[in-house]
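Read the structure below first, then the notes.
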Ligand code: GLU
């Protein structure tokens, strides 16, 4: 157990520290969500830090994708975004201090020499590592500095003992210092390296809890050693297992969208995605459906799941259906409208979109499905000729005429329309589907619609009259 862990009284400060090398993927979003919720739970601070030192792989588009994803999810940060590339002076300053304090040293080996020394150790059946040629020790005489050669800076890792931390997800983890090389913390051109920057940042940003993917477990003992060497308090670490696809393999494009921002495009609501990710690696009894307010209240580090979670599209769709039903209809209308316009919807003189979506939303899993279902109210009906022949029989024609006659005589409410339809059916000896089906075809162009009385009511008396009149 780390004895130098942050005291419980320290205000909670968490961070999300993505590398902007692609899009914000689901695993990253979950890390961000948990770090955010933990800070919110304690009224603490959530920091956003962009780890952009990999110049070849970092792009401004990827930074924007992260910011967009966080904004869509509503994971607001209190500090940052801090960019590591803007903190170079600070890293150089710490490196100078470490050289001064002898916790780091110059190493003049060329990459070829280091590779050769690794090869020798490998051949001798030992773990390949830097052999300490330039590591100062009391009484040791260092080689002469090769002329004109620029050194790297190496961290003076402890030679003996272990690094142990109590991982809040995985439990105690111990790594022997023998496993750890004297890490290069600055390259020959002076640029600092990854683990060093993370350690300095977590120190400067006073991070108390680091939640991140378990692909970083191997970095943690290195970062802990650096933090100790610079006299920084240690945060608590929690390494979240990765998210797998439904087949148990690493989540990839094969399983569907891995980029968070593909989900709004597919018609998912952020509250559904958040609810889903919250449960994907953490639990609160049997609770499956909850708001983010509730989540922030409940979220703790005790119930994080140590085993990898499997992504399940059906469950996400089920949650999305739930949150669509909860959502304000005017908001759904704003989300659905662009897709409907692209599909040729005409809103002028047509029923109110929010009301229509309210009628349809019970059974739809995505806003896109909802938008597509609503199209029947916003385009001219084009009933299939064969279906018309099948449903609009001679027996039905007089009933349609009787229906048309009564359109202007009733109050235009769902109830009154239902009662009037029943009257017409009784008068013509028909059953409901015999009139409802051709009416659906004539008014909407399709057979599948919500209840016919509700549909007719929404279209409005005049529009129904106009559409029916073509068939009289
Ligand atoms: N930049 C790292 C990543 O995107 C995360 C580092 C960390 O959380 O410590 O995987």
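The values are calculated or read from the model by the stated rules, or taken from the named source; none is laboratory data. In this text, all values refer to a predicted model and were calculated from it rather than measured experimentally. For neighbour counting, all protein chains shown are included, and Cβ atoms are generated from backbone atoms with ideal geometry for every residue, glycine included.
Condition test on residue 358, is it touching a helix residue (DSSP H, G or I) at 6+ places or on another chain (Cβ under 8 Å) and on the phi > 0 side of the Ramachandran plot? Don't jump to the end; show me each part of the working.
On the way: touching a helix residue (DSSP H, G or I) at 6+ places or on another chain (Cβ under 8 Å): yes; on the phi > 0 side of the Ramachandran plot: no.
When the stated conditions are applied, residue 358 does not pass them.
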* Return the total of residues in segment 127-163 being over 23 Å from residue 188 (Cβ atoms) and in contact with a helix residue (DSSP H, G or I) (Cβ under 9 Å, 6 or more places away or on another chain). => 7
* **Near pairs, Cβ below 8 angstrom, 6+ apart or cross-chain, from segment 204-218 (free of Cβ contacts under 8 Å to residues at least 40 places away in the same chain) to any residue that is part of a strand (DSSP E or B) and within 11 Å of the ligand (Cβ to nearest atom)** => 216/239
* Structure fact -> residue 282 passes all but one of the listed conditions (1) touching a residue at least 60 places away in the same chain (Cβ under 8 Å); (2) within 15 Å of the ligand (Cβ to nearest atom); (3) buried (at least 22 other Cβ atoms within 10 Å of the Cβ); the exception is number (2)
* Asked: Any idea which of (1) within 18 Å of residue 17 (Cβ to Cβ); (2) surrounded by fewer than 18 Cβ atoms within 10 Å (Cβ to Cβ); (3) under 15 Å from the mean Cα position of the chain (by Cα) is the one residue 253 doesn't satisfy?
  -> (1)
* Every residue from segment 186-203 that is within 14 Å of the ligand (Cβ to nearest atom) and in a loop (DSSP other than H, G, I, E, B) -> 193
* List every residue pair whose Cβ atoms sit under 7 Å apart, with the two residues 6 or more apart in sequence or on different chains, where the first one lies in segment 421-434 and is free of Cβ contacts under 8 Å to residues at least 24 places away in the same chain and the second, anywhere, is in a helix (DSSP H, G or I). => 431/425; 432/425
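State which residue is nearest to residue 151 (Cα to Cα) when the search covers only segment 209-219 and only residues that are within 9 Å of the ligand (Cβ to nearest atom) and in a helix (DSSP H, G or I).
The residue in question is 219.
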* To do: Using the structure shown, decide if residue 233 is closer than 28 Å to residue 83 by Cβ, surrounded by fewer than 20 Cβ atoms within 10 Å (Cβ to Cβ), modelled with pLDDT of 95 or more and away from the ligand (no atom under 16 Å from the Cβ).
  => yes
* Looking at (1) in contact (Cβ under 8 Å) with a residue 24 or more places away in the chain; (2) closer than 18 Å to residue 455 by Cβ, find the lone condition where residue 395 falls short. => (2)
* To do: Spot the failing condition for residue 206; the list is (1) within 32 Å of the chain's Cα centre (by Cα); (2) assigned to a helix (DSSP H, G or I); (3) away from the ligand (no atom under 13 Å from the Cβ), and only one is missed.
  => (2)
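Give, as residue ranges, the helices (runs of 4 or more DSSP H) completely inside segment 1-118 that count at least 3 residues that are without any contact (Cβ under 8 Å) to a residue 24 or more places away in the chain and either at negative phi or more than 16 Å from the ligand (Cβ to nearest atom) (or both). Working first, answer last.
Working: elements: 26-41, 60-73, 88-100.
So the answer is 60-73, 88-100.
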